[in-house]
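Working notes, beginning with the structure itself.
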């Protein structure tokens, strides 16, 4: 007998599975032939077969699925409380049939939303499309399911509108309480030198899909400040400037005033300015020209103080002339330094960092994954403890990025291909969420968004459910 499916409710709403059914899977649609799947014989055969079968009266795979005769239907009543998981009492199956689940959720306003999800055979950790059957109960809620077939596990989470997910949170929410998707070397999505590119999609797409922490490295170049990764420009097509990047942030915030963006700014590369000079130029020529768009106080804010603004997360030293700002506390959140290659370090400004980045061999990727998981559990434990004690929590920073320029197997995209699925599985299946105390801090990633897969961002944002108004 195959093991039963475990269903985990990662929302702040109770849910009940009301009906299950199974039907034959639709024929796999042909994939476009690309360089990546040119040698995939099954896909080539599928494309050829599809071509030979097509006629003016052929029926699409979607129609076949819609009209397929159900060969098993069952009314059930599987209730799953908020932030808990349980044995569903039925098996997922081996993929030879599609398992359809109908379920209800009781929304915060008391309305009952009815939904359906079809668990098709897909890659591990795939997001399953959840369809509202009655308009989602009128509350406008949106849900997602993440399926880990090898572990017979389905996680259900609430997916707020990713462009404006902070809008549902209380103004009094402290920055350190939040679960925030972030990206490492955020603007490095252009065609670039090996190991320079770290992102799959543009900064605007990152923001629209929930990212609220941008990691930016810059250097002076004449009268401009240009974007770099280490000593290298971020694009082969020409210079990319900090000015243009920040305009994207300002435009996004003007359109989504409930949001805030933490802008981590670090000086890298070559250039004549020292960090003191760099700090003065950032203040006078960048921030003060759009001062209404910035939060530059040295304390971690609550949302009421920073909605519609960029938060300066300063990873450079201040000139002596700026150290007297804000009553001698300085300018921006002080993230000047933490121990290099650290699995766990807390700065004097109460930033708790995991940034183990020296993955010299592919075997070290597993060590990195372990450090990331440890920091996720450290964050949810300490954020919950701070809340009980009435204290402000640290700001947890958790880098999933790591690389080694000298080995192709440890370039950023190769590392991300192993780390991202592992952390997606951890958040969906194993991350502690009891009582909604699931805070992850800032989770900073490489190469999320390939094939429009933003499940990792959705899982991080979903961990804010316990903070909802």
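The values are calculated or read from the model by the stated rules, or taken from the named source; none is laboratory data. Keep in mind the model is a prediction, meaning the values are calculated, not measured. When we count neighbours, we look across all protein chains shown, and the Cβ atoms used for this are built from the backbone with ideal geometry, even at glycine.
Of note:
- Test result for residue 256, surrounded by 17 or more Cβ atoms within 10 Å (Cβ to Cβ), free of Cβ contacts under 8 Å to residues at least 60 places away in the same chain and either within 23 Å of the chain's Cα centre (by Cα) or more than 27 Å from residue 194 (Cα to Cα) (or both): no
- Scope the range 357-395; condition surrounded by 14 or more Cβ atoms within 10 Å (Cβ to Cβ), without any contact (Cβ under 8 Å) to a residue 60 or more places away in the chain and part of a loop (DSSP other than H, G, I, E, B); matching residues: 357, 359, 362
- Residue match in the range 370-388 (condition: in the same structural domain as residue 199 (by TED's automatic domain parsing), at pLDDT 95 or above and under 30 Å from residue 273 (Cβ atoms)): no
- Selection status of residue 405, touching a strand residue (DSSP E or B) at 6+ places or on another chain (Cβ under 9 Å) and more than 24 Å from residue 84 (Cα to Cα): no
- Matching residues, the range 313-332, being over 17 Å from residue 347 (Cβ atoms), free of Cβ contacts under 8 Å to residues at least 40 places away in the same chain and assigned to a loop (DSSP other than H, G, I, E, B): 324
Per-residue answers, yes or no, for (1) in the same structural domain as residue 450 (by TED's automatic domain parsing); (2) at positive phi; (3) touching a helix residue (DSSP H, G or I) at 6+ places or on another chain (Cβ under 6 Å):
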{"residue": "88", "(1), (2), (3)": "no, no, no"}
{"residue": "95", "(1), (2), (3)": "no, yes, no"}
{"residue": "103", "(1), (2), (3)": "no, no, no"}
{"residue": "106", "(1), (2), (3)": "no, no, no"}
{"residue": "112", "(1), (2), (3)": "no, no, yes"}
{"residue": "129", "(1), (2), (3)": "no, no, no"}
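- Against the test of being out of contact with any helix residue (DSSP H, G or I) (no Cβ under 7 Å at 6 or more places or on another chain) and either crowded, with 24+ Cβ neighbours inside 10 Å or modelled with pLDDT under 95 (or both), the options 238, 210 yield a single qualifying residue, 238.
- Of all residues in the range 287-296 being over 10 Å from residue 313 (Cα atoms) and in contact with a helix residue (DSSP H, G or I) (Cβ under 9 Å, 6 or more places away or on another chain), the one that is surrounded by the fewest Cβ atoms within 10 Å (Cβ to Cβ): 290
- Residue count, the range 432-462 (criterion: within 15 Å of the chain's Cα centre (by Cα) and part of a loop (DSSP other than H, G, I, E, B)): 9
- Residue in the range 23-33 that is at pLDDT 80 or above, closer than 30 Å to residue 179 by Cα and assigned to a loop (DSSP other than H, G, I, E, B) present: no
- Looking only at residues of the range 259-268 that are within 20 Å of residue 180 (Cβ to Cβ) and touching a helix residue (DSSP H, G or I) at 6+ places or on another chain (Cβ under 9 Å), we find that the one that is surrounded by the most Cβ atoms within 10 Å (Cβ to Cβ) is 261.
- The criterion of at least 1 residues that are without any contact (Cβ under 8 Å) to a residue 60 or more places away in the chain and under 23 Å from residue 355 (Cα atoms) is met by the following strands (runs of 3 or more DSSP E) wholly inside the range 157-238: 213-221, 224-229.
- Note on the range 188-207: among residues that are touching a helix residue (DSSP H, G or I) at 6+ places or on another chain (Cβ under 6 Å) and buried (at least 24 other Cβ atoms within 10 Å of the Cβ), the one that is nearest to residue 269 (Cα to Cα) is 198.
- Which listed residue is surrounded by 14 or more Cβ atoms within 10 Å (Cβ to Cβ), closer than 20 Å to residue 456 by Cα, assigned by TED's automatic domain parsing to the domain that holds residue 201 and at pLDDT 95 or above, from 398, 344, 350, 334: 398
- Contact map, the range 86-112: first residue over 15 Å from residue 14 (Cα atoms), second residue part of a loop (DSSP other than H, G, I, E, B), Cβ cut-off under 6 Å, separation 6 or more or different chains; pairs are 91/2; 92/152; 95/121; 98/25; 98/120; 99/93.
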